[in-house]
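Here's the structure we're looking at; comments come further down.
The values are calculated or read from the model by the stated rules, or taken from the named source; none is laboratory data. Quantities reported herein were computed from a predicted structural model and do not represent experimental measurements. Glycine gets a Cβ as well: all are built from the backbone with ideal geometry, and neighbour counts include every protein chain shown. SASA here: full protein model, heavy atoms, side chains in, ligands and nucleic acids out. Shrake-Rupley method; radii C 1.70, N 1.55, O 1.52, S 1.80 Å.
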Amino acid sequence: MNIAVFASGNGSNFEAIVEATKQGIIEGQVELLICDQKNAYVLERAKKAGVPSAVFSPKSFNSKELYEQEILDLLQAAQIDLIALAGYMRIVGPTLLTAYPEKILNIHPALLPAYPGRNGIRDAYEDGAVNTGVTIHYVDEGIDSGPIIAQELVRIEITDNVATLEEKVHRVEHRLYPTVIQSEIVKLRKAKQHN
Ligand code: GRF
């Protein structure tokens, strides 16, 4: 099974996914990194891991459709089966959603539907929440709104600050995302056998 990861920033989840493919936790390989920020650290990680990456600047396209069509051409050429968004800071449009129905996953650092958006960890912390966590869901046309596949709770202790909470949430992310990707791969493989 061929996986593409989409990311815009640091890329710790990208790295965890690649590592899980090497360890056999994920029965598949990361064939492609799609990135929309030319200076993102995730590009360094891809280079080190030997994963091909493609950087696209959405602004240089006349429409989102054209931007996504260009990406789709690459995904199809690489025979990508599954897409994992990992800190990809864009809304996915109909071009990709139609081509990959229920095959685009996203990870969010909060227990959705609580605290969607860019700052899930900080928002939960500043709100004084007792619990937060990690959600993995199918991507739809909304922001952090698709059907939920898996969630794991992270307790916010009185001794936590934003930095320690971030660390705890990321630790869960790096373990949970690979296991969910693997269960989606198992599903996809079964579906392929039935066709
Ligand atoms: C993660 O917290 C993820 O849940 C969110 O963006 C962050 C990306 O972190 N969608 P990284 O780039 O994988 O380190």
Can we say residue 110 is farther than 26 Å from residue 38 by Cβ, of a type in the set (A, V, I, L, M, F, W, C) and within 16 Å of the ligand (Cβ to nearest atom)?
-> yes
Those residues that are within 13 Å of the ligand (Cβ to nearest atom), of a type outside the set (Gly, Ala, Ser) and buried (at least 20 other Cβ atoms within 10 Å of the Cβ), I need them from the stretch 1-14; list them, please.
-> 5, 6, 13, 14
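Quick check on my filter: what residues within the stretch 15-35 are in a helix (DSSP H, G or I), more than 11 Å from the ligand (Cβ to nearest atom) and β-branched (Val, Ile, Thr)?
The initial filter retains those residues of the stretch 15-35 that are in a helix (DSSP H, G or I), namely 15-22.
From the residues that got through so far, the ones that are more than 11 Å from the ligand (Cβ to nearest atom) too are 18-22.
Residues satisfying the conditions are 18, 21.
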Considering each of 146, 142 in turn, give the residue that is within 18 Å of residue 6 (Cβ to Cβ), in a loop (DSSP other than H, G, I, E, B), in contact with a His (Cβ under 7 Å, 6 or more places away or on another chain) and small (Gly, Ala, Ser).
-> 146
Somewhere in the stretch 162-175, is a residue in a loop (DSSP other than H, G, I, E, B), out of contact with any Cys (no Cβ under 8 Å at 6 or more places or on another chain), open to solvent by less than 30 Å² (accessible area, probe 1.4 Å) and at pLDDT 95 or above?
-> no
May I ask you to verify whether residue 38 is surrounded by fewer than 17 Cβ atoms within 10 Å (Cβ to Cβ), free of Cβ contacts under 8 Å to residues at least 60 places away in the same chain and in a helix (DSSP H, G or I)?
-> no
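Yes or no, residue by residue, for (1) of a type outside the set (D, E, K, R); (2) more than 27 Å from residue 188 (Cα to Cα); (3) without any contact (Cβ under 8 Å) to a residue 40 or more places away in the chain:
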| site | (1), (2), (3) |
| --- | --- |
| 11 | yes, no, no |
| 22 | no, no, yes |
| 33 | yes, no, yes |
| 46 | yes, no, yes |
| 49 | yes, no, yes |
| 54 | yes, no, yes |
| 67 | yes, no, yes |
When you look at residue 184, is it under 18 Å from residue 11 (Cβ atoms), buried (at least 18 other Cβ atoms within 10 Å of the Cβ) and at pLDDT 95 or above, yes or no?
-> no
Just name the residue that is farthest from the ligand (Cβ to nearest atom) out of those in the stretch 150-195 that are without any contact (Cβ under 8 Å) to a residue 60 or more places away in the chain and in contact with a helix residue (DSSP H, G or I) (Cβ under 7 Å, 6 or more places away or on another chain).
-> 156
